[in-house]
Amino acid sequence: MRRILWMVVLLAAPVPAQDQAAIARTAAGCGPDSVQFDVKTDKKQHPFAPATKDQAVVYVFQDEVRDKTIYIGSVSLRFGVDGQWVGATKGKSYFFFTLTPGNHNLCAERRMALHDSQHLTGAASLAAEAGKVYFFRARVEERSETQYPPSVKLEPVLDNAQAMLLVSSSAFSVSHPKK
């Protein structure tokens with residue numbers, strides 16, 4: 001009985017606002033804020049991996065929507081699943097990973113500046129089934145007009161033909177966590 005009361009007290013204890021935000025970000029699929037990636041892309045490679053009988057395969061594409069303002073460099077995004085980062089993209093690129101069957105939360109995130117705690121984040125849920133392939137597009141929108149603030153939207157690509165066109169027109173991204 002005392003254990004149950006202690007657990008109720010722990011659950012009822014106030015959680016600082018910053019911790020609440022971190023808990024919510026993790027629940028949305030995002031990983032720890034401290035993890036960053038080195039990303040390389042290859043425009044000549046366009047690998048495709050079918051799902052196995054035991055797992056699903058998830059492809060994530062980065063797409064940038066920008067107006068005619070001059071931008072230097074490409075935006076990098078990191079992608080998370082169930083609170084852990086699984087990789088990153090840079091510019092119009094993609095990568096894929098496997099998932100066990102079940103319900104998962106996916107996250108795509110961009111830091112606004114190198115040492116800034118502000119993020120642009122999109123999230124989506126996925127009920128993955130073994131043997132299936134899923135495609136998601138992370139759209140990074142940046143425009144010079146103030147009525148369109150920058151954003152990241154993570155959305156499923158439901159048409160397989162469209163997904164294959166994204167594979168053919170996107171660079172392949174390979175990323176590693178920075179040490």
- Message: For the ranges 40-53, 91-104, what's the packing order if you count other beta-carbon atoms within 10 Å of each residue, average per peptide, and put the highest first?
- Response: 91-104, 40-53
- Local electrostatic count at Leu154 - Lys and Arg +1, Asp and Glu -1, tallied over other residues with Cβ under 15 Å: 0
- Query: When you count, for each residue, the other Cβ atoms within 10 Å and take the mean per peptide, how do 149-162, 74-87 rank with the highest first?
  - Reply: 74-87, 149-162
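Laboratory data are not the source of any read-out in this text; all were calculated from the coordinates shown. Keep in mind it's a predicted model, so treat the numbers as computed, not measured. Positions of Cβ are generated from backbone atoms using ideal geometry, with glycine treated the same way; all protein chains shown enter the neighbour counts.
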